[in-house]
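First the structure, in the form of structure tokens, and then the observations on it.
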Amino acid sequence: MKLEGIHHITAITADAQENVDFYAGVLGLRLVKKTVNQDNPTVYHLFFADEEGNAGSDLTFFEFPGISRGRAGAGDVHRIVWRIGSWEALDFWAERLGAHDIESERAGASLRFSDPEGLDHELVVIEVPDQPLSAEHPDVPPALALQGFHAVCAYAAAPDASGRLLEALEFEPAAEGWEARGEKRGGFYLYDEPPQERSRQGAGSVHHVAWASTVDDHEAWRERAIAGGAQPTPIIDRFYFRSIYFREPSGVLFEIATLGPGFTVDEPLEHLGEKLSLPPDYEHLRAEVEPQLRPVVNPRVARAG
């Protein structure tokens, strides 16, 4: 029983439209689901991923309009690492980001930059057996597109304290951290020494990282987390997947989420992300919730129109 790498990463934004413009417009991801935070349904929950909305490429955001800029500190994921397929892709992204006034820094086979709210990203040229997870965008050639998550980098003051739990979850030691690798995908969990400044959650900060479980193994992973010393929540049905949450000893909020049912459970693949989707338990709130959410223009729909 192994976790299938990173399922999704959830962060915070202060402006849903600017967030969509950057991730769907500039980075070329597909907005695959426009829904609400199920713990606070007055808040947008936006999901960006590859063309089919696969786990392993799924970056999500809660919108808290006007929230101040966050700051990553001990116990936070502070950088998201994406796979790309070639050195040519590095050149392409350095040029594309620069054309959109995003500064980047290149070092060997990687390119680092921050989104407009300060969330750090890194693109790395890497060869792995995993299927590339890419979206279609008219300005991004398929061979140069982002190919899914490679790693998350977290700040930890005492990373060794996490060993018992990560071993219980079948992570394998790797340089500067750990790897979760299943039959089809893998992802790295890497540690950096934290800055002196304390963490402050806000725009541009990561809320949690989720690791991928098969549906059949999900309950067993909860038991593994308990055996490793964690205190997981009960299994929560998020409609698009099922989840458990707990903090690992460094303070980072972990989720283990199932590979399914997926985003096509309530929308056809060709129309993902085009309308506000509410899980059945929240549909009765539509008349109350929808007027409180600022309209968001999906660049893909705008181009088609």
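The values are calculated or read from the model by the stated rules, or taken from the named source; none is laboratory data. Predicted model, so just to flag it, every value in this text is computed and none were measured. Neighbour counts run over all protein chains shown; Cβ positions are idealised from the backbone, glycine included.
A few points about this structure:
- In summary, helices (runs of 4 or more DSSP H) completely within the range 210-305 and bearing 3 or more residues that are in contact with a Pro (Cβ under 8 Å, 6 or more places away or on another chain) occur at 218-227.
- Test result for Leu97, within 27 Å of Arg303 (Cα to Cα) and more than 17 Å from the chain's Cα centre (by Cα): yes
- Residues being assigned to a strand (DSSP E or B) and under 17 Å from Phe246 (Cα atoms) - total across the range 163-179: 0
- Scope the range 1-47; condition under 14 Å from Pro65 (Cβ atoms), in a strand (DSSP E or B) and in contact (Cβ under 8 Å) with a residue 60 or more places away in the chain; matching residues: Ile12, Thr13, Val36, Thr42, Tyr44, Leu46
- In summary, Ile226 fulfils each of the numbered conditions (1) among the β-branched types (Val, Ile, Thr); (2) within 28 Å of Ala74 (Cβ to Cβ); (3) within 20 Å of the chain's Cα centre (by Cα) with the single exception of condition (3).
- For the range 283-294, taking the residues that are in contact (Cβ under 8 Å) with a residue 60 or more places away in the chain and surrounded by fewer than 16 Cβ atoms within 10 Å (Cβ to Cβ), the one that is nearest to Leu29 (Cα to Cα) is identified as Arg294.
- Matching residues, the range 124-151, being more than 15 Å from Val32 (Cβ to Cβ) and charged (D, E, K, R): Glu127, Asp130, Asp139
- Residues in the range 127-138 include none that are among the aliphatic types (A, V, I, L, M), over 25 Å from Gly53 (Cβ atoms), touching a residue at least 12 places away in the same chain (Cβ under 8 Å) and surrounded by fewer than 17 Cβ atoms within 10 Å (Cβ to Cβ).
- Test: Glu105 is modelled with pLDDT of 95 or more, surrounded by fewer than 20 Cβ atoms within 10 Å (Cβ to Cβ) and among the charged types (D, E, K, R): yes
- Looking only at the range 186-206, residues that are closer than 14 Å to Arg71 by Cβ and either among the aromatic types (Phe, Trp, Tyr) or touching a residue at least 12 places away in the same chain (Cβ under 8 Å) (or both) come to 12 in all.
- Out of Asp160, Asp130, Asp101, sole residue that is in a loop (DSSP other than H, G, I, E, B) and either basic (Lys, Arg) or within 25 Å of Trp211 (Cβ to Cβ) (or both): Asp130
- Cβ separations smaller than 7 Å between residues 6+ apart or across chains give the following pairs from the range 61-80 residues that are buried (at least 22 other Cβ atoms within 10 Å of the Cβ) to residues that are outside any strand (DSSP E or B) and of a type in the set (Val, Ile, Thr): Asp76/Val252; Val77/Val252.
- Count - residues of the range 216-237 that are crowded, with 17+ Cβ neighbours inside 10 Å and either among the hydrophobic types (A, V, I, L, M, F, W, C) or under 23 Å from Tyr23 (Cα atoms) (or both): 3
- When we screen Phe113, Phe149 for residues that are out of contact with any helix residue (DSSP H, G or I) (no Cβ under 6 Å at 6 or more places or on another chain) and within 19 Å of Arg83 (Cβ to Cβ), the only hit is Phe149.
- Exactly one residue out of Arg242, Arg300 is free of Cβ contacts under 8 Å to residues at least 60 places away in the same chain, of a type outside the set (Ser, Thr, Tyr) and buried (at least 17 other Cβ atoms within 10 Å of the Cβ): that is Arg242.
- Residue list for the range 235-281, restricted to those being within 21 Å of Val152 (Cα to Cα), out of contact with any helix residue (DSSP H, G or I) (no Cβ under 9 Å at 6 or more places or on another chain) and acidic (Asp, Glu): Glu255
- Residues that are touching a Phe, Trp or Tyr at 6+ places or on another chain (Cβ under 7 Å) and among the charged types (D, E, K, R) were ranked within the range 43-98; the one that is farthest from Asp21 (Cα to Cα) is Asp76.
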